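Since the structure comes first, as structure tokens, the remarks are kept for the end.
The values are calculated or read from the model by the stated rules, or taken from the named source; none is laboratory data. If you're wondering where the values come from, they're calculated on a predicted model, not measured in any experiment. Glycine gets a Cβ as well: all are built from the backbone with ideal geometry, and neighbour counts include every protein chain shown. All accessible areas refer to the heavy atoms of the entire protein, side chains included, with ligands and DNA or RNA removed. Shrake-Rupley method; radii C 1.70, N 1.55, O 1.52, S 1.80 Å.
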Amino acid sequence: MNVYKQKEEQERMRQRLHPVTVLLYLGAVVFLSLFFAHPLFLLSLFIAVGIVILSYGLGREWVGYLKVGLGFLLVIMMVNVLLVRAGSTILFLGPTLPGLGRMRITWEALCYGLGMGLRLLVIISVFCLLMYVLHPDRLIQLLGGRSYKTALTLGLSLRLFPLMRTDFLRITEVQQCRGVNYRAQKKRDKVRQIIPALRVLLLSSLERAFQLAESLQARGYGLGRRSYYARQKWRLRDKIIIICICGGVLLSLWLVGSGQAAYSYYPRLQSVKTVEIYWSVLIGLLFIVPACFNWGWKKWPSLRSRI
Amino acid sequence: MAFIKVEDLTYYYPGTEAPALKGINLSLNRGEFVLLVGSSGCGKSSLVRALAGLIPDFYGGKIGGHIYLEGQEIRTITRPALVKKVGMVFQDPESQLIMSNVEQELVLGMENLGLPVSLMKRRVMEVGEAFSLSPYRQHSVNELSGGLKQKVVLASVLAMQPEILILDEPTSQLDPVAGEEILTIVRKLNEDQGMTVILIEQRLERCFHLADRVVVMDKGRIVQNRTSLEELVTWAVEEGSPFLPPLPKLFAKSGFTQIPLTVKEGRKLISDKIEETKVVVAEEKKDEGKKQELLLQVENVAYTYENGVEALTGINLDFFAGDFLVLMGENAAGKTTLLKTIRGLLQPTKGTVRFGGEEIKERPVEEWAKDIGYLSQHPGDYLFLPTVREEIEFALDNLHLPKDSRVNFLLEKLGLTKFAESYARDLSTGERQRVALATVLVAEPKLIILDEPTRGLDYELKAYLGEILQDLQQAGQAILLVTHDVEFAAEYATEIALMTQGTIIAKGKKEEILSDSTFFSPQVAKLFRNLVVDPIVTLEQGKLVLEEF
């Protein structure tokens, strides 16, 4: 994937975890972000994932993802405040809108939108981490074994997608140099202009697919039973992180089950109890363990080989 | 017993009536370094694919005759045994890399052979060290340069430890340094490990002297099969074959009976006869003072990609009508970025590019198509219509230009008339290249930009392209060309600019730049360096010197 940059990737490889650990971590965060309604717990998850992202040196990339997320957050908030009429703290009473009635913006609806947006930011951050920390080849190895053909197809698709994107950009540049105008105003004209580029892309991709298949054939693909070079290693770091994930998930289930992580926005915002702050901090701490490893390894490199 | 024996081999690709290979007979010995040469589409690639078992297994089609490897008919050899025995590296590294990580790519073939992990680890370590790939083992292949990608492919094939290594133009996309490195590795494998090497290569100056045997093909047949390079040179000179490296060609043309194969041999041959400083070539001096219309001005241009890579810094360039400038430099030096910046495809992050006094950024890219033609590295990117004629007319339609006699004129000029109604993608590499060039030239631009147009072209086609470009130059059009082909640049360009790390480090007449460079120097220049006063870079200049003996 072209999002990988050499030095950063090497650094991440040194800090790498078993792909199952990564998938469990990311899966648990997504599950909990959907499970919790309490904004404090969502904020705690968001901060924990953010700290892990920063510990991998992915701050710049994260900001890019957050920019997209903030756009969505604004949309969610606006739709919520305009459509939801619940809430007792009125911030603004506006004119009557057709089909919506009188505009009534409440503090509670605004906070609800903010809570939903926070949930979205957690999920977007998880996606950012997935893109940069779990290499597709390692995912393929995980799928490997009996389903090697599926894994190889997936791997080739992952490799070819950025290549096709590059090809498409190059082809449109070439076509522009031949006088093709991609800035046409009308949609119909735009489609008409893009067709030649798509045709070239299709033809070139078919040629490349043929060459790749030939290369695979020449290197003995499909000979029968194959061996596997890389076995993913389970290390102490994986076990510690999985224990923390399990602890975090079980604790969350208990908290939600016992009503200690419940939250209601309407008709008035529920007040936050001190104990809820403690629990949310604890959940957050359980999910920043990978970041602790990353920082620990930077400070004491010898720890890498020990855990 | 011959190690590889081909008997009366004939092959037809599916759906074709003309054979790609006709009655091929060939015997090769174990450990030989075989150079396979011939024009584009002569059957070289088909022959090596047959030796690797890809023809007919992968391609289908009709095949006749026999191929024996160590006395065993290839069709009776099991596929695992054949894959272990024959390794093949193709032309384009991008279309051979399967995995996205270097280490995974290195082990792919070995995994397919079912080798044990301990053995794979040892071989990965060995090829990693031998090819200096160890620091890149965990890198993504997409991040590697073209030279490194080709090395990864070669290492991946060699990790399978084949007895026969087949290379189909492995250096065609590499700069001179990277190409030299790959061929050095191949030579060492042949010399130190006795590996049988079959190499297809267009730039013969790189490898001619390495060969134990040279096989020349034409129209699906073997026309020469020689172990004596001297005999082959004599034959090529007598027959006027273009498949000779520049150095033997120079000596043969100059009437020498003793033909050297390497620069070292050539210098030895002439150094006794030349007394330093006495030979001065009476070169036709051109009117340098008379500069024509200023077309292009590049002023202090810098370009930084979004990922922070500074591709260009402080580029200054003035370009006049009738100039023919070749940009050279290692892979990733910023050459293509500069071309794209000049063409308006990239906006400089600093500085200005002006064409005819107007800033390039003032008009959209497509509006410059009548003034600046651009031929990219991939001729295939231009081709999608049912006929060659329609491909050429497509540009005229876009530019609202009349479909007048210029289409027929270009078809004639570029030798494409007989293909006018053919599907362009069915044509050979050289023919496709000419079609793409025609689609650019049809707009009659004042400046023509060409990015590596000689890639994959044989000597004949390169000479043809060079002459076309010189004709355009004579007609007052300006040529800006990027190539790794030093010999081509020396023969046809007027000026050379060398680029590295985003800057132009040297620019001047080709004689000044090419005569004293280590790698960016043609064979002729290396031959005469420090032996004659004048810088000699072209065959014609070299001939003038040699004829004085």
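Chymotrypsin sites (Phe, Trp or Tyr not before Pro) within the range B:414-495: which are DSSP loop residues with at most 16 other Cβ atoms inside 10 Å? The partial results should precede the final answer.
Working: sites: B:Phe419, B:Tyr423, B:Tyr459, B:Tyr464, B:Phe488, B:Tyr492; in loops: B:Tyr423.
Taking the range B:414-495 and a limit of 16 other Cβ atoms within 10 Å, the loop chymotrypsin sites (Phe, Trp or Tyr not before Pro) found are B:Tyr423.
In whole percent, what relative contact order does the range B:294-531 give with Cα contacts below 8 Å and a gap of six or more residues?
26
With a simple spin-label model that places each label point 7 Å from the Cα along the Cα-to-Cβ direction, the separation between B:Ser228 and A:Leu253 comes to 8.7 nm. Among the residues of B:361-368, the average count of other protein chain beta-carbon atoms within 10 Å of the residue beta-carbon is 4. FRET efficiency for the pair B:Ala475 and B:Glu73, taken as 1/(1 + (r/R0)^6) with r the Cβ-Cβ distance and R0 = 56 Å, rounds to 0.45. Annotation: A:Ile243 carries an accessible surface of approximately 120 Å², with a 1.4 Å probe and no ligand, DNA or RNA atoms counted. Highest GNM mean-square fluctuation among A:Lys239, A:Lys186, A:Lys273, for chain A modelled with Cα contacts below 10 Å: A:Lys186.
In this rough spin-label picture, where each label sits 7 Å from Cα along the Cβ direction, the A:Phe161-B:Ser254 distance is 5.9 nm.
On a per residue basis, the protein assembly as shown carries 43 Å² of accessible surface, using protein heavy atoms and a 1.4 Å probe.
Remark: accessible area buried at the B-A interface is about 6000 Å², both chains counted, probe radius 1.4 Å. Across the range B:78-195, C-alpha contacts under 8 Å between residues 6 or more apart give a mean separation that, scaled by the residue count, equals a relative contact order of 42 percent. By accessible area, using a 1.4 Å probe on protein heavy atoms only, chain A has 69% of its surface on carbon and sulfur. On full extension, the segment bounded by B:Asp8 and B:Tyr423 gains 146.2 nm, given 0.36 nm per residue less the C-alpha separation. For B:Glu129, the accessible area of its heavy atoms, probed at 1.4 Å with every protein chain present, is near 120 square angstrom. Inter-chain neighbour count for A:163-176: the average number of beta-carbon atoms from partner chains within 10 Å of each residue's beta-carbon is 5. Residues of the range B:121-155 falling in the label zone of A:Ser227, defined by backbone nitrogen less than 19 Å from a point 7 Å along Cα to beta-carbon, are B:121-129, B:155. If R0 is 51 Å, the Cβ-Cβ spacing of A:Arg188 and A:Lys239 corresponds to a FRET efficiency of close to 0.30. Backbone phi angles across the range B:32-49, fed through the Karplus curve with coefficients 6.51, -1.76 and 1.60 (θ = phi - 60°), yield HN-Hα couplings of 6, 9, 9, 9, 10, 10, x, 6, 4, x, 8, x, 4, 5, 5, 5, 5, 5 Hz in residue order; Gly and Pro are listed as x. Residues B:His484, B:His400, B:His66 ordered from highest to lowest accessible area at a 1.4 Å probe: B:His400, B:His66, B:His484. Taking the Cα centre of chain A as reference, the dipole from Cβ charges on Lys and Arg (+1) and Asp and Glu (-1) amounts to some 760 debye.
Where only DSSP H runs of four or more residues are counted, chain B gives -10000 deg cm²/dmol as its mean residue ellipticity at 222 nm, each run worth -39500 (n - 2.57). Calculated mean residue ellipticity at 222 nm for chain A: -24000 deg cm²/dmol, from DSSP H runs with n ≥ 4 weighted as -39500 (n - 2.57), summed, divided by the residue count and rounded to 500. Across the protein chains, with a 1.4 Å probe defining accessible surface, the residues A:Arg60, B:Arg389 rank A:Arg60, B:Arg389 from largest area downward. Straight-line cross-link partners of B:Lys340 among the lysines, defined as a Cα under 20 Å from its Cα and at least 8 positions apart when in the same chain: B:Lys350, B:Lys361, B:Lys370, B:Lys446, B:Lys507.
Taken as Cα centroids, the range A:21-40 and the range A:228-286 sit 8 Å apart, rounded to the nearest whole angstrom. Taking the Cα centre of the range A:148-218 as reference, the dipole from Cβ charges on Lys and Arg (+1) and Asp and Glu (-1) amounts to some 480 debye.
Computed on protein heavy atoms with a 1.4 Å probe, the accessible areas place B:Glu540, B:Glu32, B:Glu238, B:Glu181 in the order B:Glu238, B:Glu540, B:Glu181, B:Glu32, largest first.
Partner shielding of A:220-226 amounts to 6, given as the average count of beta-carbon atoms from other chains within 10 Å of each residue beta-carbon. Springs between alpha-carbon pairs under 10 angstrom, Gaussian network model over chain A: which of A:Asp189, A:Asp238, A:Asp167 fluctuates most? For chain A, modelled as a Gaussian network with Cα springs under 10 Å, the answer is A:Asp189.
Of the trypsin sites (Lys or Arg not before Pro) in the range B:402-453, the ones in a loop by DSSP (not H, G, I, E or B) with at most 16 other beta carbons within 10 Å are B:Lys403. For the range B:458-501 and the range B:120-140, compute the distance between their C-alpha centroids and round to whole Å. Each part reduced to its Cα centre gives a spacing of 38 Å.
Between the beta carbons of A:Arg199 and B:Glu512, assuming R0 = 41 Å, the FRET efficiency works out to 0.35 to the nearest 0.05.
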